[in-house]
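Everything below concerns the one structure shown next.
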């Protein structure tokens, strides 16, 4: 059993996160469950043809979106994993950028790109999900694929195996665990997609996630909305259980420094060039379409309502990032320093992942809407909801760094007379500062792009950018759409630039090691 380096302090680290999650996640979720615990109403809902159609469409589009994402992502993952070439960092940034964008922005970009005949269709929803989730497959599968020893591939080719057979017998078995993990993650994101479905599906196509919003906010049918939330939560818990099992069964890959070679020969250069070009065009096409159609909307970006939305989103992002980084770090430290019940702490930190953002918003809406805890109209309730969604991400960023701190450093400091407080301030804190900065930036990005919970909690005077974009697109007229396209273009530029700069910094840091 690992001895806690800070036994006196570690027991108190979970107090503040536990209270926060209990008040703003545990109690609202319990209220949702109790409000929907009428089994007769739940049975009638499950038996209704409208619900069955929505549930069936949700499952079908999730399966189709996941399959197509894997098919489209494998070629670019292969190129990025196995070769070094000019523009590789930029290509990786382009692939990653849509995933960091709000789904409503991705939906807006495709709304600008696709012909009118594809607006409000299932095809548009699937295309959006493929574009949004390419980065999930690339980022999760690429580390494993890049560590496959090239000598295995060369040996197979020497023995006469074709490229297809080599992939089937060598490459695929080695990347299969990572691919299974990525597929489950993509399915989870497609199942809980909200912004893209609202923008591109319109009233004709609805998923469980959007139906919760429609019934609760537009129709005022809270009973049915709560019942759908319960069904969805059960599915999410099952999917997350599978995701956790897959992550634990993945082999611990050794850190092998395999330098990816430059493509040699006409065939390799052709494959790299073709795949890179097609991928870049697919990702850039929505951006170009949005930028092209935003020409008349830029003057309004810094005026009136859009300027206020920018200010509100920025303010919310700072508050949410501070909350999520502080509370998530406390959970990560408690997990790293805990002497016992580490699995319980880990499960505790994963609670926000088990509930969709829409359910979080619905729970807060119906829980804090009555005196004396009428917090729904308070400005801070929206960033609180955003921080709930970001806390698990903070834990997963800070925890590995904290666990990797050598105990020998603390022992040496103690030998020199440092007390536990001095040890933490001089050893642990400096080593986790970079992780804290990353966690803060990611939490702010999550808040800027969050749309599901915000749709329930926002007020007309405190709209965030994603809500403003969705509202502008729902209005008739090219001028309103141009404003939405201009705001979406800002998101695209910021996202691509941030990822590209982070790749350059990471590459330089690795070269200095």
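The values are calculated or read from the model by the stated rules, or taken from the named source; none is laboratory data. What you are looking at is a predicted structure, and each value in this text was computed from that prediction instead of being measured. Glycine gets a Cβ as well: all are built from the backbone with ideal geometry, and neighbour counts include every protein chain shown.
Take residue 140 and tell me if it is within 18 Å of the chain's Cα centre (by Cα) and surrounded by 17 or more Cβ atoms within 10 Å (Cβ to Cβ). The answer is yes for residue 140. Restricted to region 20-35, and to residues there that are without any contact (Cβ under 8 Å) to a residue 12 or more places away in the chain and over 16 Å from residue 234 (Cα atoms), the residue that is surrounded by the most Cβ atoms within 10 Å (Cβ to Cβ) is 23.
If you check 146, 162, 183, which single one turns out to be in contact (Cβ under 8 Å) with a residue 12 or more places away in the chain and either over 28 Å from residue 234 (Cα atoms) or surrounded by fewer than 19 Cβ atoms within 10 Å (Cβ to Cβ) (or both)?
That would be 146, the only listed residue that is in contact (Cβ under 8 Å) with a residue 12 or more places away in the chain and either over 28 Å from residue 234 (Cα atoms) or surrounded by fewer than 19 Cβ atoms within 10 Å (Cβ to Cβ) (or both).
Here the condition is being on the phi < 0 side of the Ramachandran plot and over 14 Å from the mean Cα position of the chain (by Cα); of 227, 185, it holds for 227 alone. Do the conditions hold for residue 170, that is, is it in the same structural domain as residue 233 (by TED's automatic domain parsing) and under 23 Å from residue 264 (Cβ atoms)? Judged against the criteria, residue 170 is a match. Taking the criterion of being in contact (Cβ under 8 Å) with a residue 24 or more places away in the chain and in a helix (DSSP H, G or I), the residues of region 109-126 that qualify are 109, 110, 111, 112, 113, 122, 124, 125, 126.
Take region 229-241 and flag every residue that is crowded, with 22+ Cβ neighbours inside 10 Å and either out of contact with any helix residue (DSSP H, G or I) (no Cβ under 7 Å at 6 or more places or on another chain) or farther than 12 Å from residue 35 by Cβ (or both).
Across region 229-241, the qualifying residue is only 232.
Of the set (1) assigned to a helix (DSSP H, G or I); (2) over 28 Å from residue 488 (Cβ atoms); (3) out of contact with any helix residue (DSSP H, G or I) (no Cβ under 7 Å at 6 or more places or on another chain), all apply to residue 160 but (1).
Could you tell me whether residue 345 is farther than 30 Å from residue 227 by Cβ, part of a helix (DSSP H, G or I) and at pLDDT below 80? For residue 345, the condition - farther than 30 Å from residue 227 by Cβ, part of a helix (DSSP H, G or I) and at pLDDT below 80 - is met.
Yes or no, residue by residue, for (1) buried (at least 22 other Cβ atoms within 10 Å of the Cβ); (2) within 30 Å of residue 230 (Cβ to Cβ); (3) in the same structural domain as residue 214 (by TED's automatic domain parsing):
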position	(1), (2), (3)
51	no, yes, yes
117	no, no, yes
124	yes, yes, yes
130	yes, yes, yes
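Inspect all residues belonging to region 435-445 and state whether any of them is surrounded by 15 or more Cβ atoms within 10 Å (Cβ to Cβ), closer than 24 Å to residue 27 by Cβ and within 21 Å of the chain's Cα centre (by Cα). Yes. Residue check: residue 86 meets all listed conditions (1) more than 14 Å from residue 282 (Cβ to Cβ); (2) without any contact (Cβ under 8 Å) to a residue 12 or more places away in the chain; (3) assigned to a helix (DSSP H, G or I) but one, namely (3). Filter region 461-481 down to residues that are farther than 28 Å from residue 362 by Cα and assigned to a helix (DSSP H, G or I) and give me whichever is modelled with the lowest pLDDT. Going through the qualifying residues, I end up with 478.
For region 482-495, a residue qualifies if it is modelled with pLDDT of 70 or more and in contact with a helix residue (DSSP H, G or I) (Cβ under 6 Å, 6 or more places away or on another chain), and the qualifying residues are 483, 484, 485, 486, 487, 488, 489, 491, 492. Determine whether residue 224 is at pLDDT 80 or above, in the same structural domain as residue 124 (by TED's automatic domain parsing), assigned to a loop (DSSP other than H, G, I, E, B) and closer than 19 Å to residue 357 by Cα. Considered against the rule, which asks whether it is at pLDDT 80 or above, in the same structural domain as residue 124 (by TED's automatic domain parsing), assigned to a loop (DSSP other than H, G, I, E, B) and closer than 19 Å to residue 357 by Cα, residue 224 comes out as no.
Here is a yes/no grid of residues against (1) part of a helix (DSSP H, G or I); (2) modelled with pLDDT of 80 or more:
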residue	(1), (2)
204	no, yes
217	yes, no
234	yes, yes
244	yes, no
268	yes, yes
